[in-house]
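Enquirer: Once you've had a glance at the structure underneath, I'll fire off some questions.
Derivation of every value follows stated rules applied to the coordinates shown; laboratory data play no part. The model shown is predicted, which means the values in this text are computed figures rather than measured ones. Don't worry about glycine lacking a Cβ; one is built from the backbone with ideal geometry, like all the others, and counts go over all protein chains shown.
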């Protein structure tokens with residue numbers, strides 16, 4: 001074997017090893033494009049929306065009238081583990097994202113940031129002590145109403161960034177695809193199950209939980225209109241997956257034309 005041939009094989013071997021190493025440590029293909037195509041304005045909108053979402057959750061929790069269903073579960077989990085409620089939120093989100101990914105629904109960048117930041121922001125807001133529990137019923141109801149309104153605006157804001165849905169929406173879509181059940185049914189079953197577990201674990205269930213279940217939908221609708229989002233013809237859960245799916249939310253401009261969100 002000539003020296004030139006040996007050198008060629010050596011270079012080919014090094015190239016193959018380099019490619020294997022890149023494949024081993026590279027980001028998943030579904031996520032990699034998002035990190036490099038997300039614009040600063042999109043990221044700023046997403047992070048602001050996630051902060052507002054965390055604020056809305058804390059407002060409902062501090063009202064003392066009952067938290068939203070998932071927060072009832074997270075609070076109950078925190079009562080029986082060393083986790084804070086924010087950490088319990090993150091752990092649950094990690095499980096949801098992992099299960100969705102295994103089921104064939106990869107996360108978007110927004111899904112991953114949602115997974116990490118909402119719980120972190122919740123703990124920071126609670127740690128700051130800026131939102132105390134009111135000592136009278138008008139204060140309690142003011143926090144509850146504010147919570148629902150803020151959650152609606154926050155949802156419209158972070159979805160308008162177009163970087164992917166939250167971990168629970170992704171899991172709900174994956175569950176619907178796996179079972180063949182309507183996405184509304186899987187959402188109802190999932191939220192009812194986690195709410196029941198949360199109540200058994202001692203989470204904050206009350207009239208606020210019921211009102212939030214009834215009113216957050218209309219509040220989110222107002223949030224969508226505020227950010228000029230239109231769900232189009234597909235189901236809400238499927239449209240919210242964003243860049244990891246072929247469907248995207250669309251934003252209508254004042255002239256009636258639509259552009260990709």
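Enquirer: Which order do peptides 75-82, 117-124 fall in by mean Cβ count within 10 Å, highest first?
Expert: 117-124, 75-82
Enquirer: Ranking request for peptides 64-71, 196-203: highest mean number of other beta-carbon atoms within 10 Å first, then the rest in descending order. Kindly include the intermediate steps, with their values, before the conclusion.
Expert: On the way: 64-71: 23.6, 196-203: 17.0.
Result, highest mean Cβ count within 10 Å first: 64-71, 196-203.
Enquirer: Over all directions, how big on average is the projection of the convex hull of the alpha-carbon atoms in the stretch 149-225, in square nanometres?
Expert: 5.9 nm²
Enquirer: Normalise the Debye intensity by I(0) for the stretch 78-176, one equal point scatterer per Cα, no solvent, then take log10 at q = 0.14, 0.17, 0.19, 0.23 Å⁻¹ and round to two decimals.
Expert: Treating every Cα as an identical point scatterer, log10 I(q)/I(0) equals -0.65, -0.89, -1.03, -1.21.
Enquirer: Please give the length that would be gained between residue 214 and residue 188 if that part of the chain were fully extended, namely 0.36 nm times their separation in residues minus their C-alpha to C-alpha distance (nm, one decimal).
Expert: 8.1 nm
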